[in-house]
Every structure is written in C-alpha cells, then in structure tokens.
Amino acid sequence: MITDKGRNILSKYLLGQTSSYASHIAVGCGARPLDFLDDINESVAEYRAKGELDFEMFRVPINSRGIVKENGTEYIVFTAELPSTERYAITELGVFSAGLNPEAGVAGSKILYTFSNVENWEFHTQTASSQITTPSNINTSNDIDTDLQCFGINSNNPVFLYDDRIARQEAPRFLNNSIMLSGDSATINIDDNDNLIPDDTVSSHIHLTGATLNLDQNSPADELRLAFSIVDKTGIDLTDPEAEEADSPEEVRIVIEFASGEGASVQNAVMEIQLINDPLSGVDFSTNRYFVVTKKLEELKNSIGFSWDSVTIVKAYASVIYQDAPSDQFYVALDGLKLDNKTDIHPLYAMTGYTVIKNTDGVPIIKASNSTSFVEFRFAIDLDIATTTGS
C-alpha cells in the first residue's frame, strides 16, 4: 500500500526533487497478522495514513529491485536481507525513503529496552532482590509449570507452540527473550484521579539500575510504545472436543516508572497502561493477546521538576485482573519499549509503503535465529495494494 506521504515523496522523486523514495525496508511486530479471510480493503484508509510501523524492530537497506509479473499483475519488487543472528516474529513491513530521519538527530526513534537477559533487569520484592533466571523447562504439556512470579522466557519456548496459544497471539515477537511477570506480582490501585498507583507494601516489580535516558530534546508529542503479550498459565487442548474455552482476564494494568533514584523525594515520570476486556472497543483477550500501547511523552505523569537526564532507575509493575483481583493464572510478557519521534520530520523522509503480513492462519512470519533470510515488499503497478512474502 502506498501511503499518503509516499505519494508525495514519489511525486518529488519523479520530478527530480529527491534522489530516493525507497531505500530501506522496516520490519515490525506490532500489527496483528491477517488471514486470507480478512478483507484488506477495510484497512486501506488506515494504512495510507500511517507514518510508521506499529512497532518497528529494525530497518535494512534494499539491495535488489525489479519488476515481476504474477497472475497477470505486474509488481515492483524490493528485496532486503534480514539480520542473521537474532529471532524475529514479523507481522508488518514498511518501505522508507531513508535509513533514518536526518532531521531528528539524537532525538530520533530508537529501541529503549528489549527486556532481554543482557539488560541486567532484577526482580524486586518488598524485602529482597534477585537476578531474573530463564528456566530450561517450564511447560508441562500446554501449561506453564512454575511458581516463579518473574522469569525470563524464550519466544520459541515449546509452550507457545500449542494451537490455543497461537490462535490468541500469546507469544512474544521481538528477539528471543522476554520477561514474564505473574498477574498477581503487583497490586495496582486506581485513585480518584484515575491514576494507576502500585501498592509497594504488597507489590513486586522488575528493576533496572544505571539507566541512562535523556529524552529532554524530544517533543512532548513524541511517543513511547510498549509491546507486550498476555499469557495463560494453563492452556487448553483444542483437539479435545470436551475442552472448555479458556477464560479471559477482565483487565491488565502496567506501570513503568522512570526515576532519578530511590525514596519518596525522587523525581519521576510514570507511563500508565490500562486495558479493559471489551470487544466493542477493540480489546478482546479471547482472540488477541499481543498489544502495542502508545503514550505521548506529554501523557506521562511527571513530578514537578522532572528531567529525563536525571533518570537512573526504571521500574515496571504488572497486574492482571481476573474475577476482580490480581490473578496468578496469567502472565504479562514484556517484549519491548520504543521511542518514536513524531515531530522532527525531514520533508523528504517518510514511510512510502506499508503492509501487514497475510497468510493462511493469520500468524507472524518467523525469522529463526542464526539463519539467512530475505524479505520482499511488492507494489502492484496497476493496483494500489502491496503484498508481502518472507523466506
């Protein structure tokens, strides 16, 4: 799909006012993949208006261009090679006119945290702190068999390979490591002003010391995007005709605090996330468990005098409400936190094309670790659509 901004860049390219309209392919995991029953025409206006991916994991240069004819339709084809080392679950692609936005400089879009085992997150209870471990075997059939309130998990863990979890999009997608927090690891209350307030007398959290985040040069309209999934502790066997449908939680609450230190007098900024199970509003935990929630920097709750260059500690709390209480029957899998610059945009920089993965089962395309893979983005010459393949 050629975006609205892409049409503008393409016009300038044809007039010789810019040297490129497609130099890189961006690869993301934020959109829900489509199956062949989904009508992409229902999303045409949304796709055209997009300026970025829902959650961009990385961007690679286009190294091959050509024209192919398939089933009577001619396509412009862009091909790029994916990074070989890491694992990615791909659900969306974008074509960009450049590898980065030259206007943004140090305030440009970037991945802040991947919640992986290389970032030195710790699990903090009310009385102790500990390293976050990744158990070698946590699944018994389709169930997660551990009493740990916090642990690392690989995205290719066999527990995510069961049909019910695949259907609900439970698996993390960004890289191969995520942090799981039990739904009862924290109690997050809502005050009279609708603020989410963790009760530290009974709540645990993950904790990163030595954080360096300087977002003071970013606009208040720039965005933080948190990617996460909700995971059932107990799975169901879809091949069993007597199996009951899995229960869904009523609500998910997440609080991420960026603080200048410890204690009551620290300066901080707080990102609050509240998802309520309501299919009419687009949140249906029975059919989709993977989310990207966006908050503008101006929407964070800042203490008086807060400055981003003072941040040294990041904390994350998670609570899953089931039957009106935090529940240990669900986990929140934290997958990634990203900053998107929405304001300092160069006039010749844009996402010129966008598409969502579409396949038989409506599942992400997996790029395995330590493998060589390529991705194609196709523009139909005589139709205003785009299709995507992976290998």
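What follows draws every value from the coordinates through simple rules; no lab data is involved. Nothing here was measured: the structure is a model prediction, and the numbers come from that model. Quick reminder, even Gly has a Cβ in these numbers, built from the backbone with ideal geometry, and neighbours come from all protein chains shown.
Brief remarks on what is shown
- Ranking of F58, F228 by count of other Cβ atoms within 10 Å, fewest first: F58, F228
- The eigenvalues of the Cα gyration tensor, multiplied by 5 and square-rooted, give segment 276-320 an equivalent ellipsoid with semi-axes of 31, 13, 9 Å from largest to smallest.
- The dipole here belongs to the chain: it is taken about the Cα centre, uses +1 on the Cβ of Lys and Arg and -1 on the Cβ of Asp and Glu, and is about 2020 debye.
- Placing unit charges on the Cβ atoms only, positive for Lys and Arg and negative for Asp and Glu, gives segment 107-340 a dipole magnitude near 1040 debye about its Cα centre.
- Kirkwood Rh and Cα Rg combined as Rg over Rh, evaluated for segment 305-363: 1.12
- Projecting the alpha carbon convex hull of segment 58-109 along each direction and taking the average yields 5.5 nm².
- Magnitude of the charge dipole, segment 108-233, Cβ model with Lys/Arg +1 and Asp/Glu -1, debye to 20: 560
- MRE, 222 nm, helices only [DSSP H, n ≥ 4, -39500 (n - 2.57), over the chain, to nearest 500]: -1500 deg cm²/dmol
- Per-q log10 I(q)/I(0), segment 1-128, q = 0.09, 0.17 Å⁻¹ (Debye; single scatterer per alpha-carbon; no solvent): -0.37, -1.14
- Cα shape, the chain, gyration tensor, a/c 1.5 rule: oblate
- Stokes-Einstein diffusion coefficient of segment 151-274, Kirkwood radius over Cα pairs, 20 °C, 1.002 mPa s, in µm²/s: 122
- Size check on segment 107-340: the Cα extents along the three principal axes, sorted descending, read 59, 39, 36 Å.
- Pair E46, L148: separation of 7 Å Cα→Cβ label points (nm): 3.6
- Positive-end residue, segment 107-340 charge dipole about Cα centroid, Cβ charges, pick of S141, H124, L213: L213
- In the chain, Cα pairs under 8 Å separated by at least six residues give a relative contact order of 29 percent.
- Rg/Rh for segment 76-192 (Cα atoms only, Rh after Kirkwood) is 1.04.
- Gyration tensor analysis over the Cα atoms of segment 132-219 returns equivalent ellipsoid semi-axes of 29, 19, 15 Å (largest first, whole Å).
- Amide H contacts of V283 (H built 1.01 Å from N, in plane; Pro and chain starts excluded): D278 sit under 5 Å, all sequence-distant by 5 or more or on other chains.
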